[in-house]
1. Report, by residue number, each residue of region 161-206 that is among the hydrophobic types (A, V, I, L, M, F, W, C), surrounded by 12 or more Cβ atoms within 10 Å (Cβ to Cβ) and over 13 Å from Phe124 (Cα atoms).
2. Specify which of the listed residues (Thr181, Thr169) is touching a Gly at 6+ places or on another chain (Cβ under 6 Å) and without any contact (Cβ under 8 Å) to a residue 40 or more places away in the chain.
3. If you take the residues of region 118-154 that are over 24 Å from the mean Cα position of the chain (by Cα) and free of Cβ contacts under 8 Å to residues at least 60 places away in the same chain, which of them is nearest to Cys83 (Cα to Cα)?
4. Taking region 64-94, which residues are modelled with pLDDT of 95 or more and outside any loop (DSSP other than H, G, I, E, B)?
Amino acid sequence: MPGRDGRQGRGSRGRIGLHRGHSLGDGRYGQRPGHPGPGHPGPGGPAAPTGGAKATGGAKTGGGQGGAKGSTDPSAAGNRVLCNGSNTEVTVRTVPRPLNHMLITVKNTGSKVCDLPYHPQLRFDEMQWAPTAQEGTRPQAVVSLAPGESGYAAAVLSAADGSGEGGTTAHRLTIAFQGRTPHSSGGASATPSLPAAGVYYDSSLTVTYWQQDIGDALGA
């Protein structure tokens, strides 16, 4: 009776490890495959060990390092919060130039990086309408403030040529913050003090988007 052919053993199949990178909170994933080679045992012999097991160990090491880096990066998406009235100090002041402008300053008083999406939503006294945002001032990226840093926006209170209507003097101001989608709530609002004489505004009232630089807010 003829002998049975010897069976070749299959080499271990290397596992693919994932190594997590980090760039301002957006995870980028790259594959780092192992390099297994098939075993070639003699007839009836056991399968030869391959490099596949090493790839498994590499996956654990790479993944662990990537996770630790992401958890400590203050700019990571999971470590940033929204700026609002609970973690910032908000002040306003009128400026001599440009004419009829009011500067809004928001300082991050918290311990985490906070984001200022879109633009402030202003309400003077019991105002029943929302000022229009100046679309030409939209920044290329969302303004982010590290602890201690400040962001800015400006309100154009009235028309320089007197074309605005319904002019009145306000003595209270409420500033609402937006969330990560337009007109959603970003959390607690702020009620900064106005000058003792109040602030005059009319129907031409507009507001800029949040800016990283004071010059951009005032159009300088």
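1. Phe177, Ala188
2. Values: Thr181 fails: touching a Gly at 6+ places or on another chain (Cβ under 6 Å).
On inspection, the qualifying residue turns out to be Thr169.
3. Residue satisfying both the conditions and the ranking: Arg123.
4. Going residue by residue through region 64-94, those that are modelled with pLDDT of 95 or more are 81-94.
Passing the criteria: Val81, Leu82, Thr88, Glu89, Val90, Thr91, Val92, Arg93, Thr94.
Conditions (1) touching a Pro at 6+ places or on another chain (Cβ under 7 Å); (2) of a type in the set (A, V, I, L, M), marked per residue:
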site: Ser158; (1), (2): no, no
site: Asp161; (1), (2): no, no
site: Gly166; (1), (2): no, no
site: Thr169; (1), (2): no, no
site: Ile175; (1), (2): yes, yes
site: Pro182; (1), (2): no, no
site: Leu194; (1), (2): no, yes
site: Asp202; (1), (2): no, no
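The values are calculated or read from the model by the stated rules, or taken from the named source; none is laboratory data. Given the structure is predicted, the values throughout are model-derived calculations rather than measurements. Note: ideal-geometry Cβ built from the backbone for every residue, glycine included; neighbour counts use all protein chains shown.
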